[in-house]
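What follows is a single structure, written as structure tokens, with notes after it.
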Amino acid sequence: MQTLKVDLGERSYPIHIGEGLLDQPGLLAPHIGGRQVAIITNETVAPLYLERLTRSLAPFSVISVVLPDGEAFKTWETLQTIFDGLLTARHDRRTTVIALGGGVIGDMAGFAAACYQRGVDFIQVPTTLLSQVDSSVGGKTGINHPLGKNMVGAFYQPNVVLIDTATLNTLPARELSAGLAEVIKYGLICDEPFLTWLEANVDRLRALDQDALTYAIQRSCAAKAAVVGADERETGVRATLNLGHTFGHAIETHMGYGVWLHGEAVAAGTVMAMEMSSRLGWITPQERDRGIRLFQRAGLPVVPPEVMTEADFLEHMAIDKKVIDGRMRLVLLRRMGEAVITDDYPKEVLQATLGADYRLLAQLKG
Ligand code: NAD
Ligand code: GLY
């Protein structure tokens, strides 16, 4: 087992990473203050891991709330189901909410923990690659609004993150690829040598090689922990973690939540951000193509949906948490391994990026 730390003063917390950690009760108990525990999970993950986690929590009084599965259920209505479960079981303010599942469960359970009786203890047990490398760390919680992704939520840090890498053995291949989008993101924004490692190891990751997965998760979490430790509330550098997300969130919202997986939208969105960076002369077309090739090898889409027009993108991109005073700030690559957030770009370059022929770029690399 490896343990990293998210350094946030008195709200610091450990991230435990290893195979089989679900069966180690000693890792969670020290982070549970009261007697009551509520595990929030969904109908896919519950049959796989709920019983094991519940067994690990034997000394506590444990309830579970099993939600429907899917991004389309990341809503107020589903959040209400969590509160229904907590109140029906008379959970008090010393209860601990545990998220068992992917990013959808983690974001919703975290938001519920932030709101329930004005805030109760919270633990993340992420079971998708995406949630293990990104969403379980850093305290962003929330739900979607029909007009915009993740538009309602709170910053609320967990007490501990428990990553059992063996849970990835049951994850569908498409979901594993979606997680790789966020792994590749770290290489692009702040760790160029990691990109080189990924190019050499992407096939091992897709084949679920535990050593390769553990290394990639640990390196991703270390990158995320450093950024969150420096800028918890996203007043600066944390925004770079959203490389590809402004374009990607537009895809997710326009296509309907869940049609494109979050990681898939991030991959195509990052290709658009790389294309724009290349048009600004910040990275070379060869470097852009290097990124495209890696996404393709990870099994990810690199062409935005054909049905989306430039106007569609602009409409959705105008509703983004990085828009300030009407100015659309974008995360772009200053160079491979260094992202910047900027609103200082010619409008025509954004227009040209939205109108670029991504099918051609994909064919050249495919
Ligand atoms: P997800 O939560 O929908 O999980 C993907 C699918 O895998 C679901 O069907 C789920 O039931 C299933 N699943 C989960 N674990 C499994 C396992 N071990 N075996 C088999 N099936 C399993 O999707 P995700 O990709 O984990 O998360 C995406 C969400 O995370 C989006 O809503 C996105 O906005 C959010 N997100 C949040 C942050 C953050 O910082 N809070 C960062 C990135 C993404
Ligand atoms: N996933 C972006 C962030 O946590 O800031």
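Taking the Cα centre of the chain as origin, work out the dipole magnitude from +1 charges on Lys and Arg Cβ and -1 charges on Asp and Glu Cβ, in debye rounded to 20. Walk me through the numbers before you get to the answer.
On the way: 34 positive and 42 negative charges, 107 e Å.
For this selection, approximately 520 debye.
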The correct pair for segment 63-188, radius of gyration to one decimal and Dmax as a whole number, both in Å and from Cα atoms, is 14.3, 47
Computed over segment 297-363, the convex hull of the Cα set has an average projected area, in nm², of 5.9 nm²
Ranking Ala352, Gly248, Gly299 by how far each Cα lies towards the positive end of the charge dipole of segment 247-366 (+1 on Lys and Arg Cβ, -1 on Asp and Glu Cβ), the top one is Gly299
Whole-Å distance linking the alpha carbon centroid of segment 259-275 with that of segment 314-366 is 11 Å
Among beta bridges assigned by DSSP with both residues in the chain, the antiparallel ones amount in percent, to the nearest 5, to 40 percent
Binned at 20 Å starting from 0, the alpha-carbon pair-distance distribution of the chain in whole percents comes out as 31, 58, 11, 0
Cα-based Debye curve of segment 1-54 sampled at q = 0.21 Å⁻¹ gives log₁₀ I(q)/I(0) of -1.01
To the nearest 10 degrees, the tilt of helix 262-279 (Cα long axis) against the first principal axis of the alpha carbons of the chain is 30 degrees
Reduced to Cα centres, the span from segment 151-193 to segment 33-73 in Å works out to 20 Å
For segment 83-191, the dipole about the Cα centre with charges only on Cβ (Lys and Arg +1, Asp and Glu -1), to the nearest 20 debye, works out at 280 debye
In debye to the nearest 20, the charge dipole size for segment 1-157, taken about the Cα centre with +1 at each Lys and Arg Cβ and -1 at each Asp and Glu Cβ, equals 420 debye
Projecting the Cα atoms of Val183, Phe313, Ala38 onto the charge dipole of the chain, where Lys and Arg contribute +1 and Asp and Glu -1 at Cβ, the residue farthest towards the positive end is Ala38
Computed over all unlike Cα pairs, the Kirkwood hydrodynamic radius of segment 200-244 in Å stands at 11.9 Å
Checked against the positive end of the charge dipole of segment 64-110 (+1 on Cβ of Lys and Arg, -1 on Cβ of Asp and Glu, about the Cα centre), the farthest of Thr88, Ala99, Val65 is Thr88
Partner lysines whose C-alpha sits under 21 Å from that of Lys140, ignoring same-chain residues fewer than 8 away, are Lys5, Lys74, Lys149, Lys185, Lys224, Lys321, Lys322
Packing-ranked peptide list from 226-234, 119-127, highest mean Cβ count within 10 angstrom first, is 119-127, 226-234
The answer for trypsin sites (Lys or Arg not before Pro) in segment 264-311 that fall in a DSSP coil and have at most 11 neighbouring Cβ atoms within 10 Å is none
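Quick note: the coordinates plus some simple rules give every number you see, no bench work behind them. The shown structure was predicted, so the numbers you read here are calculated from the model rather than taken from an experiment. Cβ coordinates were reconstructed from backbone atoms using ideal geometry, including for glycine residues, and neighbour counts include every protein chain displayed.
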